[in-house]
1. Any residue at all in region 115-125 that is of a type in the set (D, E) and more than 23 Å from the chain's Cα centre (by Cα)?
2. Mind listing whichever residues of region 360-386 are under 17 Å from the mean Cα position of the chain (by Cα) and surrounded by 20 or more Cβ atoms within 10 Å (Cβ to Cβ)?
3. With T252, T237 as the choices, which residue is touching a helix residue (DSSP H, G or I) at 6+ places or on another chain (Cβ under 8 Å), part of a helix (DSSP H, G or I) and surrounded by fewer than 24 Cβ atoms within 10 Å (Cβ to Cβ)?
4. If you go through region 1-41, how many residues are under 21 Å from S184 (Cβ atoms), among the β-branched types (V, I, T) and in contact with a helix residue (DSSP H, G or I) (Cβ under 7 Å, 6 or more places away or on another chain)?
5. How about region 306-331: which of its residues are part of a helix (DSSP H, G or I) and touching a residue at least 40 places away in the same chain (Cβ under 8 Å)?
6. Of the residues that make up region 296-303, is at least one in a helix (DSSP H, G or I), at pLDDT below 95 and among the hydroxyl-bearing types (S, T, Y)?
7. So, restricting to helices (runs of 4 or more DSSP H) that lie completely within region 44-118, which ones have at least 3 residues that are of a type in the set (S, T, Y)?
8. Among E41, E29, which is within 23 Å of A339 (Cβ to Cβ), in contact with a His (Cβ under 9 Å, 6 or more places away or on another chain) and not in a loop (DSSP other than H, G, I, E, B)?
Amino acid sequence: MDTIPHPPYRLPVLGDVFGASRTTPTQHEAAMARKLGGVYERKIINDVMIVVGSADAAADACDEEAWSRALPGPGQFLRRLVPNGLFTVRNSDPTWGSVRSALEPMFTQPAMRRYHTAMASVIDEMCDHLRSRNGKPVNANDLMTRLTVEIIAQAGFGYRSAGFDVPLQDDDFLQAVRAILEWSSTESNSLPIVSLIGAGDRLAKAQRSAEVVRAPIRELVERRLADYDPAAADDATDILAALLPTGLPVETIVDQAVTFLIAGHETTAALLETALYYAAEDNRQEVLRRPENTPASAVSYEDIPRQRDVQRFLRECLRLHPPAPGFFRIAKKDTKLGAYRVPKGRVAFVLALAAQRDPKSWGPDADQFRPERFDRGEQLGFFKPFSTGPRDCIGRVFAMNEATFAISQLATAFDIIPATPRRPLAFVERATLRPEPRMYTFTARS
């Protein structure tokens with residue numbers, strides 16, 4: 001088999017330190033994957049990682065017989081703040097199995113039906129807020145952050161945050177969440193040795209931000225535990241209620257709530273911002289609209305999966321711009337990736353951002369936004385925006401229901417108009433891939 005290529009200008013000892021990007025790492029690696037044929041190796045001092053950007057090799061890395069989930073990158077830094085969360089806990093830790101088993105019933109279709117009322121209430125709140133703006137420009141990043149935080153807080157934990165009228169810059173809780181994401185991304189993309197300078201101070205600051213997030217959640221968990229009735233354990237109505245009878249320590253339950261709040265809001269907010277861009281700036285609002293302009297509270301749960309055009313639209317957003325741009329895998333045995341041999345223990349980064357645009361998998365128009373490619377009958381290529389295997393995103397159905405409901409309600413209730421000159425879609429990276437902030441006006445439709 002062939003030797004895995006690497007970026008140009010590899011240095012003795014230091015390795016591939018040139019050409020890496022601290023600010024747009026996955027976008028940079030996606031461009032590099034195209035130049036180097038879809039699979040390449042990046043070596044920094046003694047650490048070697050394979051970047052997988054071709055669809056066939058990405059499919060190989062998703063084989064559970066040969067590969068399993070790994071957690072380098074931002075995840076290993078998040079573990080310092082949320083050690084036992086469903087996303088950050090180690091594969092070998094029994095906490096993962098007990099938490100996953102407890103939570104799986106809370107992400108079934110019957111559970112989604114229960115969350116629908118909370119989703120509708122928050123979406124109507126958002127629409128009322130937009131009407132009160134009287135056509136003034138709105139920051140889509142702030143709006144989608146607030147929406148997704150409110151939905152996961154209310155549907156998942158029976159908790160209300162500050163509401164749509166409080167600017168994000170005045171919300172200490174959400175500023176702390178943002179600081180955690182930025183810290184984990186920056187630390188994971190810093191060069192070794194250089195990153196040691198000031199690392200302790202940066203960690204201490206991140207820990208203070210984490211406590212700002214954890215404190216109100218801890219208070220909520222303790223209050224719910226104090227009121228917990230074991231006789232009603234089978235009547236769990238939200239995510240937190242499902243965790244109360246597990247006997248897990250308070251801090252471990254807090255870890256789960258923090259995980260869902262951070263991961264559950266950031267990725268869905270990024271998806272909705274991307275959807276707003278294509279709806280407003282690519283003139284695609286009509287396909288997202290329901291026939292009747294009614295409040296969200298009048299939309300039934302059964303109406304959501306029937307909106308197939310909206311779901312195709314969102315899947316194409318996820319294909320081109322996955323908010324979680326990739327995931328890490330580790331070889332359980334000597335194996336292969338495409339045409340290359342890979343030794344046991346080697347870590348690979350499956351770059352969905354690149355593999356989901358592979359022309360060999362998706363055709364010559366792989367870089368074009370074409371939702372109809374998800375029509376039944378079309379040959380679909382590699383598509384893993386929610387990771388893979390037993391450690392994939394447990395909340396993917398929740399996220400898709402939420403995004404479908406929210407974007408269709410916005411397009412039905414408003415004409416969405418860019419408030420700034422049109423420019424290409426660009427992304428900020430802070431553990432996720434999220435559009436640069438944009439301003440829109442929302443004019444109520446009769």
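1. yes
2. Hits for region 360-386 are K384, P385, F386.
3. On the way: T237 fails: part of a helix (DSSP H, G or I).
It is T252.
4. 1
5. Scanning region 306-331 gives D309, V310, Q311, R312, F313, L314, R315, E316, C317, L318, R319, L320.
6. Within region 296-303 (the criterion being in a helix (DSSP H, G or I), at pLDDT below 95 and among the hydroxyl-bearing types (S, T, Y)), the answer is no, since none of the residues qualifies.
7. The helices (runs of 4 or more DSSP H) meeting that bar are 94-103.
8. Details: E29 fails: in contact with a His (Cβ under 9 Å, 6 or more places away or on another chain).
Only one candidate passes the filter, namely E41.
The values are calculated or read from the model by the stated rules, or taken from the named source; none is laboratory data. Just so we're clear, the structure is a prediction, and the values are computed from it rather than from any experiment. In this analysis, Cβ positions are derived from the backbone assuming ideal geometry, glycine residues included, and neighbour counts consider all displayed protein chains.
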